[in-house]
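A short write-up of the structure that comes next.
The values are calculated or read from the model by the stated rules, or taken from the named source; none is laboratory data. Computed from a predicted structure; not experimentally measured. In this analysis, Cβ positions are derived from the backbone assuming ideal geometry, glycine residues included, and neighbour counts consider all displayed protein chains. Protein only, heavy atoms only, side chains kept; ligands, DNA and RNA dropped before computing areas. Shrake-Rupley method; radii C 1.70, N 1.55, O 1.52, S 1.80 Å.
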Amino acid sequence: KKYLYTDYQRCEDECIEKDVTYIIVENLSDINTVFSLISYIRSNGDFYDVLSCDETTQFAASVISSNVFSNDAEARIYASTRDKRLMKLALESHVPMARWFSVIDYCENGRISYLPEGFDFPIVLKPVNRFLSAETYKIHDLAQLNDALDKNKLNLCDFIGEEFISGDEFEVDVIWCEGKVRHIYIAKYQVTRLHGYNNRIPRITTYLPY
């Protein structure tokens, strides 16, 4: 079987060890590269699946999975891990989470003149597909909100607003194997990522035994 890995550094050694054919792709954020890759896979055949081991490549993996392997279920899983709207819709009946709204639904000419019913300032403005708190803002009033929207006016459809929840912030990482939880890592952020990112404070966590 041939596998298409979307993360070279983590997977090359494993491919060599198991004698698996692999392809190195340097830039999966470019849509032309993705569809060139789709054409190559279709013409060369014998590929079994696409595996994304890094959150920055999961959108590309979902497109490839759907177009090449007709695996729409797998594509939805990949996409929901990178689009906070899909993730929240999938989990909201199972997991308590901050209330949210899609920014583009309340924009007129690139600006918002009022918050949706039930929301009040402060709110958190964040992109649906970034990581490490990039381009995430704590917003205190309409003027600050519209300043942030103006900076991102070319991709307003990629932003959501969330209710702000004050308190400690934790990181939880889980390793699954064959449907079973093997390891859980829980850590507390010494500085919340929203404050840390905006003030260029390094990501510092403390492991919490459980």
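A few notes on this one:
- Options 154, 149, 51: the member that is closer than 30 Å to residue 34 by Cβ and out of contact with any strand residue (DSSP E or B) (no Cβ under 9 Å at 6 or more places or on another chain): 154
- Some residue of the range 71-82 being on the phi > 0 side of the Ramachandran plot and among the charged types (D, E, K, R): no
- Of all residues making up the range 147-187, the number that are among the hydroxyl-bearing types (Ser, Thr, Tyr) and free of Cβ contacts under 8 Å to residues at least 12 places away in the same chain: 1
- Test for residue 125: is it of a type outside the set (D, E, K, R), in contact (Cβ under 8 Å) with a residue 24 or more places away in the chain and under 26 Å from residue 57 (Cα atoms): yes
- Looking across the range 154-206, just one residue is among the aromatic types (Phe, Trp, Tyr), open to solvent by less than 60 Å² (accessible area, probe 1.4 Å) and over 21 Å from residue 82 (Cβ atoms), and that is 189.
- The listed residues are 173, 168, and the only one of them that is at pLDDT 80 or above, in contact with a His (Cβ under 9 Å, 6 or more places away or on another chain) and not β-branched (Val, Ile, Thr) turns out to be 173.
- Apart from one condition, residue 143 fits all of (1) open to solvent by 60 Å² or more (accessible area, probe 1.4 Å); (2) in contact (Cβ under 8 Å) with a residue 12 or more places away in the chain; (3) of a type in the set (Gly, Ala, Ser); the exception is (2).
- Qualifying residue in the range 199-208 (condition: under 20 Å from the mean Cα position of the chain (by Cα) and not basic (Lys, Arg)): no
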